[in-house]
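Read through the structure below, which is laid out as structure tokens, and then see the notes.
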Amino acid sequence: MTVATAPIPAAQKALVLITADKDVALLDIPVPVPGAGEVLIKVHAIALNPVDSLYVGSPLAQQAQRVIGTDFAGVVVASGADLTSSSDARTKAGARVAGFLQGACSRNDRPGAFAEYIVIPYDLTWSVPASMPLTSASAVSMCGVTAAQGVFFRQQLPAPFWPTKEWNAGRGWNPSIPADEPVNYLIYGASTSLGLYAAQLVQAAAAFSGRKVRLIGLASANKHALLRQKPYSYDVLLDYRGDWPAGVREAAPRGVDYAFDAISEGDTVRKVHDLLAPTATPGSFVIFRNDRSDMMPKAPGVWGAVGYRVAPVYGAAWEALGVEIGYDSQTIPAKPDARAFATAFYDWLSTAATDGKVKVQPNPVRIMPGGLERVVPDGFVLLGWNQVSARDNNGRTEEYMRPISGEKLVYEIVKE
Ligand SMILES: NC(=O)c1ccc[n+]([C@@H]2O[C@H](COP(=O)([O-])OP(=O)(O)OC[C@H]3O[C@@H](n4cnc5c(N)ncnc54)[C@H](OP(=O)(O)O)[C@@H]3O)[C@@H](O)[C@H]2O)c1
């Protein structure tokens with residue numbers, strides 16, 4: 001292991017799933033040592049995702065204890081011995097970086113991010129520009145990668161950082177879309193974290209390819225003003241309560257060309273599907289939950305949808321890590337191409353650290369009071385334990401306990 005900027009302690013605090021209890025404890029555990037290709041990061045901020053609480057309440061872990069947590073941002077304090085001569089900025093002590101780990105959201109014994117120190121392959125991090133607080137940076141990685149996988153990897157929209165097969169073949173957008181009309185792109189759950197990144201990436205695809213997109217979003221009316229502005233720039237916004245499909249049909253009479261369902265719960269998938277244009281191609285509709293009666297495991301790590309004209313395509317963010325993942329009843333094999341895609345995305349994000357042009361704006365963040373010790377009693381209560389659309393009133397009256405809407409919950413572990 002090479003140089004540290006400050007003494008590294010032998011032990012640290014981490015949030016650990018006690019699997020048998022379906023509960024979490026703040027425990028002292030050893031500080032990990034970075035292996036080949038890895039960096040040791042002092043965690044400054046963590047951001048919460050629904051999966052963090054989901055797999056505490058319904059553990060996948062087969063071990064008695066597992067460090068939980070996904071999104072982090074922090075500062076590199078040491079790196080694996082093989083990285084001594086690396087010129088990559090992310091391997092240097094003092095580098096400000098962000099990324100995500102899988103934690104207890106798998107059967108594999110890999111620790112998560114809700115700890116004071118973590119290790120991760122350096123190329124699964126991105127360089128945070130000086131202008132971006134680490135609290136904001138912590139909100140980007142998991143949902144950013146997931147949205148990018150949906151928009152570029154599965155839907156194959158033209159990507160400013162990755163040569164999609166469609167782009168290489170000289171297409172990029174569905175060629176059946178009339179050339180003189182905008183592409184109709186629908187995001188259901190536009191104010192989710194996932195939706196906030198998806199909108200930015202669709203706009204990036206439009207700018208990169210020079211194609212006009214009509215972006216149509218479903219969110220609570222009180223989020224429409226935010227979503228109309230840059231970097232989201234929606235053309236049409238509707239409330240998801242009431243007869244919203246009628247509003248989409250009015251806005252896009254020939255149908256929706258591409259759709260991104262950030263909720264994918266209950267009847268949202270069917271309703272979004274039924275708005276697709278007759279010319280919508282396979283892969284044009286992406287969803288993000290697979291625990292549905294109309295999704296069937298087809299092969300290891302592959303879920304197929306039953307009963308749809310254009311099958312909604314599901315994928316898991318974890319594929320970005322490039323390792324085999326024991327997930328639900330499936331074992332997702334290591335996918336080197338998904339890892340290569342994620343590192344290309346992170347390299348693209350990292351360019352902002354040198355050219356000053358932030359490629360993806362972090363979600364608005366709600367800085368939660370306290371540190372690791374408050375994640376479960378406050379943060380997980382807000383996240384709930386399963387469906388995003390079924391989060392109930394938590395009965396708490398503190399301002400920071402209002403429902404999550406168009407933002408990410410962030411805990412600051414160490415001030416910069
Ligand atoms: N497949 C993967 O790898 C992957 C990766 C990341 C996330 N996910 C999943 O994607 C989902 C979204 O995650 P997230 O972190 O983006 O969620 P989130 O930001 O916590 O979601 C909160 C938002 O949900 C919106 N919402 C609630 N009920 C809704 C409904 N019935 N219709 C439309 N919008 C509704 C709310 O909108 P308003 O405030 O406007 O009412 C709120 O802004 C979760 O199920 C998560 O587990 C999957």
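Only a single criterion out of (1) surrounded by 14 or more Cβ atoms within 10 Å (Cβ to Cβ); (2) in a loop (DSSP other than H, G, I, E, B); (3) hydrophobic (A, V, I, L, M, F, W, C); (4) over 19 Å from the mean Cα position of the chain (by Cα) is not satisfied by VAL360, namely (4).
Filter region 363-376 down to the residues that are more than 16 Å from the ligand (Cβ to nearest atom) and assigned to a loop (DSSP other than H, G, I, E, B), then identify the one that is surrounded by the fewest Cβ atoms within 10 Å (Cβ to Cβ). Looking at the filtered set, the residue picked out is PRO369.
Just one of the listed residues (TRP303, TRP318) is buried (at least 18 other Cβ atoms within 10 Å of the Cβ), in the same structural domain as ARG270 (by TED's automatic domain parsing) and not in a helix (DSSP H, G or I), and it is TRP303. The residue that is modelled with the lowest pLDDT, counting only those in region 87-104 that are part of a loop (DSSP other than H, G, I, E, B) and closer than 16 Å to ARG339 by Cβ, is GLN102. If the condition is being under 15 Å from PHE345 (Cα atoms) and buried (at least 16 other Cβ atoms within 10 Å of the Cβ), then region 200-215 contributes GLN200, LEU201, VAL202, ALA204, ALA205. Is it fair to say SER220 is more than 24 Å from LYS271 (Cα to Cα) and either modelled with pLDDT of 95 or more or surrounded by fewer than 15 Cβ atoms within 10 Å (Cβ to Cβ) (or both)? Taking the combined requirement at face value, the residue does not satisfy it. A single member of TYR400, TYR308, TYR327 is within 16 Å of the ligand (Cβ to nearest atom) and in the same structural domain as SER284 (by TED's automatic domain parsing), and it is TYR327.
Consider SER136 carefully, then state whether it is in contact with a strand residue (DSSP E or B) (Cβ under 8 Å, 6 or more places away or on another chain), crowded, with 21+ Cβ neighbours inside 10 Å, in a helix (DSSP H, G or I) and touching a residue at least 60 places away in the same chain (Cβ under 8 Å). So SER136 fits the description; yes. Scanning region 378-395 for residues that are in contact (Cβ under 8 Å) with a residue 12 or more places away in the chain, in the same structural domain as ASP123 (by TED's automatic domain parsing), of a type outside the set (Asp, Glu) and in a strand (DSSP E or B) turns up nothing. Scanning region 48-64 turns up no residue that is in contact (Cβ under 8 Å) with a residue 40 or more places away in the chain and part of a strand (DSSP E or B).
Here is a list: ILE404, ILE325. Which entry is touching an Asp or Glu at 6+ places or on another chain (Cβ under 8 Å) and not hydroxyl-bearing (Ser, Thr, Tyr)? Only one candidate passes the filter, namely ILE325. Screening LYS298 with (1) assigned to a strand (DSSP E or B); (2) more than 28 Å from TRP173 (Cα to Cα); (3) more than 16 Å from the ligand (Cβ to nearest atom) gives one miss only, at (2).
Within region 147-188, how many residues turn out to be part of a helix (DSSP H, G or I) and within 25 Å of PRO245 (Cα to Cα)?
The total comes to 4.
Name the residues in region 233-265 that are in contact (Cβ under 8 Å) with a residue 60 or more places away in the chain and on the phi > 0 side of the Ramachandran plot, would you? Selection gives GLY255 alone. The criterion of at least 1 residues that are closer than 11 Å to TYR188 by Cα is met, among helices (runs of 4 or more DSSP H) falling completely within region 213-288, by 244-251, 268-273. Scanning region 191-216 for residues that are in contact (Cβ under 8 Å) with a residue 40 or more places away in the chain and either near the ligand (Cβ under 7 Å from one of its atoms) or under 14 Å from the mean Cα position of the chain (by Cα) (or both) turns up SER191, THR192, SER193, LEU194, GLY195, LEU196, TYR197, ALA198, GLN200, LEU201.
The values are calculated or read from the model by the stated rules, or taken from the named source; none is laboratory data. As the structure is a computational prediction, the values presented were derived from the model and not from experiment. We place every Cβ from the backbone using ideal geometry, glycine too, and count neighbours over all the protein chains shown.
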